Structure formats: C-alpha cells, structure tokens
1. Between residue A:495 and residue A:295, with labels modelled 7 Å along Cα→Cβ, what's the label distance in nm to one decimal, could you check?
2. Going by average Cβ density within 10 Å per residue, which order do the peptides A:244-250, B:48-54, B:100-106 take, highest to lowest?
3. Given a Förster distance of 35 Å, report the FRET efficiency between residue B:9 and residue B:85 from their Cβ-Cβ distance, rounded to the nearest 0.05.
4. Measuring from centroid to centroid over Cα atoms, what is the spacing of the range B:49-64 and the range A:388-434 in Å?
5. In nm, to one decimal, how far is the modelled label at residue A:163 from the one at residue B:93, with both set 7 Å along Cα→Cβ?
6. So, R0 is 35 Å and r is the distance between the beta-carbons of residue A:210 and residue A:151; what FRET efficiency does that work out to, to 0.05?
7. Across peptide A:198-210, how many C-beta atoms of other chains are within 10 Å of each residue C-beta, on average?
8. Before rounding to the nearest 500, sum -39500 (n - 2.57) across all DSSP H runs of length at least 4 in the protein assembly as shown and divide by the residue total; then give [θ] at 222 nm in deg cm²/dmol.
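Quick note: the coordinates plus some simple rules give every number you see, no bench work behind them. Keep in mind the model is a prediction, meaning the values are calculated, not measured. Don't worry about glycine lacking a Cβ; one is built from the backbone with ideal geometry, like all the others, and counts go over all protein chains shown.
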C-alpha cells in the first residue's frame, strides 16, 4: 500500500511518489492510478445555491417517510420519533463524509472503495443489481394513481417506465434535466403536504409530533417483539436514503460540478452521446499545502454542509412531520387505520388514511393524499433509475476491461434500458418487489450495504485523502457508530428473532 | 413601449413573478385536485382561488423584497418570518371565503386564535417548500428578463457569480481540448 498520508507538494505529491512520467505532479492513493494535481475551483460565493441533495431527498422521502414512520407513531405514539431524529441525523453526517471524498477527488465512492480493495467495489456492484432491479417503487406510485384516476396500475407503471427511459435518453445533460424535474416535484410535495396538514391537523398533532422527537430513551416493551423490533430498526436505518443511495450521491455531486468534480465531464443522454468529452481514467487532487486552495476547500465544505443540513435534514424531517400529522389526524377520525396498520396491511392503511381525509375535508383531501403517494413513487422511480444506471455505468466504465471503448453515456443508457425492460417484464409476469422467497435476503443486503459503506468511508477518507482534509475524530466516531449500529442491529435482529430488517 | 407608469408596473410584475408563481401554484394544485376529486366546480374554484391568490401575493412580496436587496436570496429566516404572518392570513381568508361560498354567510373558524397559531406552526414547512421552489425558478427567470429589466439584471448578478465560475471552468476545458486537438494535427 502506498503511503498516502502526506500533503501533495510541488513535484512530489505523496511524499514517496515523485512526479508522473510526464513530469506532472500527482497524488498517490491506494492501488490505482495516481491522481494529477489540478486547481480547485472557487466555491459558490454564497450558500444559497442548491446542490444535488435534491436526489437524496427524492430517493429518501419514500415509503419510509410516508408510511413506515407514521405507522410506528400510530402504534407506539409520537414519542418513538426520537429514533427518527437519530437515524436521519446519522445519515446527514454520512452524507457529508461521502461528499468529502467525492469533492476532493472528483471520483465516486465506488472508485474510492476500489482503491482500497477492488472486491469491495464488486460487492456493491452486485448488491445494486440484486436489490434495485425490482420495480417496487413505480408499482406503489402507480397503485395510488389507479385509486385516483382508475388507470390500471400495470399500464401506468409500464408507460411510466418507458417515459423515464425516453426522457433520460433525449436529455442533453441528464443531471441538469433530472435536477430541475425532481426539484419541482419535491417542491410541490413539500408545499402540498404543508397545505394539507394545515387543513386536517390541529395544534396537538404538531406539538406531540415535535416533542416526541426529543423523548430520548423511550422504547416500549412491545417494540422488543419479533414482529416490531426488525421494523423499528429497519425504519431507523431507512430514515432518509437507505441502501446504496448515499453512495450514488457522490456521482451526483460530481456531475453537479462540485469542487474537483468540475474537472470531470457530465453524462449526456443517448441522443447527445456524441458530444460527450473523453472521461478521464481517474479523478484529480488539489494542492492541500497551498493555503489559498485550502481556503476554497473550506468554502466547498460550508456549501455542502448547508446542502446536507438545511435541505436534506430539513426537508426530510419536514415531510415526515407533515405525514405524521396527517396520520394522527386520520387516526383521530377513524380508529380503523390503527387496526389496519397493526395488521400489516400497507395498501389498505394508505387507502384508509385517504378515506379518512375525504371524510374530514371532502374528497379533495383523500385524493390529494393519494396524489402525494403517487408523486413520491414517481420521484423515487426517477431518482432510483438514474442513480442505479449512473453507479453501474461508473463501475463498468472504470473497471471492466474494454468498457472504455464505449462512452459513459452508452453504458448509462444500457443499464437504464436494461432496468426498464426487466421492470416491464416483472410488472407483466412477476412480483414487483422481487420473488418473496428472497425478499429477506434483499432486505438483508440493503441494510448490510449501509454498514459496509460506513466502513468503506472510514477507510477511504482516512487512508486515501491528504492529512489536512481528513475527517476529524468526532466524525470518525459517528461513522464508526453508524457501522456498528447498522451491522450490529442487523445481526442482533437475525440472531435474536430470526428475521432481518423490513 | 408603453407609458412610464405602465412600464414601471410591468417591471415590478416581472420582479414579483417567481414568488407569485410558486404561491399561486401551491393553491392551484389543491384546486385542480379538488376538481379531479369530483367536488362541485364552483366550490373547487372558490377554494383554489381563495388560497392561491393570497399565497401568490405574499410570494410576490418575497420576490420584491429579495430583488430590492432587503432580503438575502435563499436565506431561510426572512422567508420563514414572512410566511409566519402570510400563511395563517391566507388560510384564514380561504376559510372565510369557503364559508361564504358554501353557507352564503361570512364567518371565520370557531377558535380563530388557535386556528392562526396552528397555521403559524405549519407555515415553517410551507416556507421551506416555497424557498426550495423559489430558488429554482428565480435565477432562471431573472436571467430571462434581465435584458429589458435593469433591476432584474442587478438581482441576477447576485445569483450569477457561481454560474460564471462554472462557465469559466467549462470554457477552460473546451479551450484545453481545442488546444490538444490542434497539437495532434
């Protein structure tokens, strides 16, 4: 292993490694090609420019926030929400640490993992395929749409999938299109849930929801059962983006041109693939011994911290608060909701909530509620299809021999259309969430990858980055806690109850 | 070119547009869904307009304050303060208008203070959504009207610094690529 603990300096980036054969200054990190030193661009002058968190919010505000947490609140009361606070805060810190590597190098965390130990990266490649090819999100959104419009969900889901493929293929730059599209949909979701919560909720719904977030230590006895414990732990793990979604965020940061990502070309839609610039075979590093460069780096860290805290943490928190208020209002007006939720009837509980809103505020509220569920399904589908294709294309391009003959756009389109065709096949002929026999395995893999990426983060940030930009001790402790938490709870649940996270 | 008064009014309207659009959209979406849900068209219309109009006006006010430099773009506190007052009032107006449309007599919710206090709490959520959408729309819109509206150009300048940086990085890449091509020849 190359010593990568020193600051890149003129002519000798890693201390022991001198200049590259071309006389270029480089930074050696792990076992792969060294990174040339390039200037760090100036950070945005003020923090109001929104970043790629929109993708994480789109992926994160899914069924977990709209269904799993309201369900726990209905069953155990609002005091259980302190666990949500812990879960989503942990994820915000993970997100900041993912950003550290991606912004310093312009590489994805997958390449970082490969620099440490290549099989690690192939593990993530395989998990992504096993877990994310099932079109569960699109079918949940389409089912809500069917309730509103009567369009059969299979038809809506298949048309939706093809539409996603066509839009992404025609896009000039996929990232820009998707960022705009998702931000409008998430904006509508946030505005809409706030308006609806203001119509159906009341003072006590909000105050109990908020005060429950600070009821640290509350853990009712029933939650320690084999029925509920895995659900509680799964809900904490999936507070915000779950599974591999945080890893994909590094690719979005790169494509948004954040920090050293500005040196990497963007992925184009299939129609514009010919315009794509040649993708470099590795990322870049900046001169961390230069105070001016370090000043810019601090500016970028401020920018991403704002992105993580206000936008990711704030928006995710807000949507769940709104949905919890909605669930409590539904519970007050129709006790059936709780019974249905306890019976584990997800679809029935959602439509019962919708019916309750209809009875309180006229058919509009029930419809609006289902509209939000459809919107959430659509957001998640768009975000997931893009992220999956982006991640797999990235790993294939850099690590499959001969793949560099193709453009990144071609690989991206290949994975995207592969996913769409497989999805349509499954929607027509198979179970949307995946075969029930292996559901547990998929849930296990998804949660396992979260523990695994915490370990990868610790290794990558502390071994591959120059000392001045490595994480502080407290950050390492939090990420270490994350690894212990995700893996510990997963195996505890498996050993104690014989079931994995939901 | 219209009279100076008309022109000034148009320029103000252009500056207020992003916030007005976001506020109105929030109200209209609810109204559109009402129609879809099969409520009588008249009620749906009253409910939507009575919410969309005040939300649009308060949103427009935010845009004007921002372009006048009274509020720093994208910062949460000023938007939250504005909606802390604006959102409860908009909802009160909607409730009163809906009562008038349905019952034929004016009126407000029974516990007006409690109603306003609850709406004020929810307004924080609305403010985040509003800001999120506003920051997406405003820079693009201001750039579009900047050629004919000097105030918009000024406001856009605050947004543009980052875009300029990205643009210059792109230009530098393009130039380097062209140079490399020329060298190959």
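1. Roughly 5.4 nm, to one decimal.
2. On the way: A:244-250: 27.7, B:48-54: 22.0, B:100-106: 10.7.
Peptide ranking by packing, descending: A:244-250, B:48-54, B:100-106.
3. On the way: r = 25 Å, r/R0 = 0.72.
After rounding, the FRET efficiency stands at 0.90.
4. Distance between centres, Cα-based: 44 Å.
5. 3.3 nm
6. Details: r = 38 Å, r/R0 = 1.09.
Once rounded, the FRET efficiency stands at 0.40.
7. Values: counts 15, 8, 0, 4, 4, 6, 1, 2, 6, 2, 0, 0, 1.
The per-residue average across the peptide is 4.
8. Working: 24 runs with 476 residues, N = 687.
Using -39500 (n - 2.57) per qualifying helix, the result is -24000 deg cm²/dmol.
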